[in-house]
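Input: a single structure, listed below in structure tokens.
The values are calculated or read from the model by the stated rules, or taken from the named source; none is laboratory data. None of the values given here were measured: they were computed from a predicted structure. Positions of Cβ are backbone-derived with ideal geometry, glycine not excepted, and every protein chain shown enters the neighbour counts.
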Amino acid sequence: MAVRRALERGGYDQANLQAVLGAPDPRLSVDEQRCLWLWRARDARDERALLARLFLLESPVPVAAGRRALGQAGLSAARALGLVRVRGTTLEPLVQLGLHSGLIIAGDLECGTDARGRDHAAGPNTATILLDGMTVRRPVSRALDLGCGGGYLALRLAAHAATVCATDVSPRALRHARLNALLNGQANLRFVVSDRFSALRRQAFELITGNLPFVISPETRFVFRDAGLHGDGFLASVVRATGRHLVEGGLAQYLGQWAHGADDDDGAAEEARLARWVHAAGCDALIIRLEREPVDAYASRWLAGPGRPLSADQRTRRMARWMSHYDRAGIRAISTGLLCLRRRSHCRRVFAIQPASPAVPPTGADIAAWFDAV
């Protein structure tokens with residue numbers, strides 16, 4: 001792949017980017033961090049700095065400089081793939097190229113776009129990386145990434161699965177996923193437009209992952225984020241259907257959120273409701289609760305969404321709308337966690353909910369060991 005070779009020759013990797021830009025500073029806002037990194041990448045003679053400006057910091061560079069950093073073949077390939085475009089003497093980025101676990105991942109631009117489309121397809125976010133670290137990594141024949149977005153988790157599965165099916169309801173996200181498979185030289189993936197399991201009838205897998213659109217709210221602004229059904233109905237529908245798409249002993253792992261009502265102070269109602277979903281799937285389950293928030297704190301954290309910060313008036317109006325929605329639905333708190341399901345047809349099934357810290361979550365090896373022991 002000409003683009004990847006050009007990026008590697010130009011030093012577009014994590015070690016070189018950190019050498020040029022330095023580590024992220026947690027004290028800085030996104031805009032402040034970008035401003036600092038643009039300053040540090042100002043040396044037009046340094047190919048690493050030019051590629052960082054273009055593909056990480058989403059800043060145009062002169063065409064001549066881009067040609068020098070990528071080479072003519074690399075630049076031509078980047079244009080053909082829709083990574084960049086030429087306007088006069090300027091080379092403009094059309095995607096952001098992130099670096100994660102040795103993979104190059106293209107996603108929609110994040111800077112300077114106040115209004116993101118409903119089908120915005122970003123690169124890996126915090127939730128994606130969290131699920132990646134908790135995924136069980138054992139060799140399998142067939143794996144599925146449900147709601148694959150730009151395909152990062154599917155590409156990670158491809159390292160230990162003979163074949164990977166990657167699905168998403170968004171054709172735009174799947175275009176990014178196909179591009180990322182091409183950029184990373186992975187040929188053992190197939191991509192399917194599907195709303196949950198709708199296009200996968202009679203197909204079963206040994207491992208399923210899903211960083212699902214889990215935000216529980218009155219909104220459907222973003223396909224990748226907003227669940228869209230009443231309460232946690234989207235997550236419930238996925239869990240209930242999972243058993244039909246796992247082979248015996250197969251494992252599914254979903255990062256999701258579920259609601260708590262006024263009757264759920266001691267957790268008994270939560271356990272009974274989640275157990276009904278799991279038993280309908282014919283599975284064992286280990287549910288790892290990473291956090292539980294009252295709905296006002298939850299709304300304050302999630303209501304802005306990607307893009308520029310809201311004004312005080314915008315935030316107040318949206319907060320009122322979200323809180324009214326929770327009031328009508330009887331939702332008092334929302335939990336975030338990992339639901340791990342194992343298909344088991346003929347034995348007494350096991351169900352457990354365990355707390356964990358999102359700062360130190362269990363690893364995939366920890367989760368595999370738990371299922372091995374029960």
With criteria (1) within 23 Å of ARG4 (Cβ to Cβ); (2) of a type outside the set (D, E, K, R); (3) in contact with a helix residue (DSSP H, G or I) (Cβ under 7 Å, 6 or more places away or on another chain), LEU182 comes up short on (3)
Restricting attention to region 1-32, report how many residues are part of a loop (DSSP other than H, G, I, E, B) and charged (D, E, K, R).
3
Quick one: what pairs do we get from region 257-281, first residue within 12 Å of ILE331 (Cβ to Cβ) and assigned by TED's automatic domain parsing to the domain that holds ASP226, second loosely packed, with under 14 Cβ neighbours inside 10 Å and acidic (Asp, Glu), C-beta under 6 Å, 6+ apart or different chains?
none
With the condition kept exactly as written, say whether any residue in region 191-202 is at pLDDT 95 or above and more than 26 Å from GLY282 (Cβ to Cβ).
yes
Given the conditions (1) within 15 Å of the chain's Cα centre (by Cα); (2) at pLDDT below 95, report the number of the one that ILE216 does not fulfil.
(1)
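For the structure I just gave you, tell me whether ARG343 is surrounded by fewer than 20 Cβ atoms within 10 Å (Cβ to Cβ), at pLDDT 95 or above and under 22 Å from ASP366 (Cβ atoms).
Details: surrounded by fewer than 20 Cβ atoms within 10 Å (Cβ to Cβ): no; at pLDDT 95 or above: yes; under 22 Å from ASP366 (Cβ atoms): yes.
When the stated conditions are applied, ARG343 does not pass them.
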In region 72-94, the residues that are part of a loop (DSSP other than H, G, I, E, B) and touching a Gly at 6+ places or on another chain (Cβ under 6 Å):
LEU94
Failed condition for GLY210, given (1) modelled with pLDDT under 95; (2) within 30 Å of SER324 (Cβ to Cβ), with all others met?
(1)
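Does at least one position in region 320-340 carry a residue that is of a type in the set (Lys, Arg), crowded, with 18+ Cβ neighbours inside 10 Å and at pLDDT 95 or above? Explain how you work it out, then say what you get.
Going through region 320-340, the residues of a type in the set (Lys, Arg) turn out to be 321, 328, 332.
Filter again for crowded, with 18+ Cβ neighbours inside 10 Å, leaving none.
No.
Taking region 267-292 as the search range and keeping residues that are of a type in the set (A, V, I, L, M) and in a helix (DSSP H, G or I), which one is farthest from ALA359 (Cα to Cα)?
ALA280
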Residue in region 296-312 that is surrounded by the fewest Cβ atoms within 10 Å (Cβ to Cβ), counting only those that are more than 17 Å from ARG225 (Cβ to Cβ) and at pLDDT 95 or above
ALA297
Before we move on, is PHE234 assigned to a loop (DSSP other than H, G, I, E, B) and closer than 21 Å to ARG342 by Cα?
no
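Here is a yes/no grid of residues against (1) in contact (Cβ under 8 Å) with a residue 12 or more places away in the chain; (2) in a loop (DSSP other than H, G, I, E, B); (3) touching a Cys at 6+ places or on another chain (Cβ under 9 Å); (4) closer than 16 Å to LEU94 by Cβ:
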{"residue": "ARG34", "(1), (2), (3), (4)": "yes, no, yes, no"}
{"residue": "ALA44", "(1), (2), (3), (4)": "yes, yes, no, no"}
{"residue": "LEU50", "(1), (2), (3), (4)": "yes, no, no, no"}
{"residue": "SER59", "(1), (2), (3), (4)": "yes, yes, yes, yes"}
{"residue": "LEU70", "(1), (2), (3), (4)": "yes, no, no, yes"}
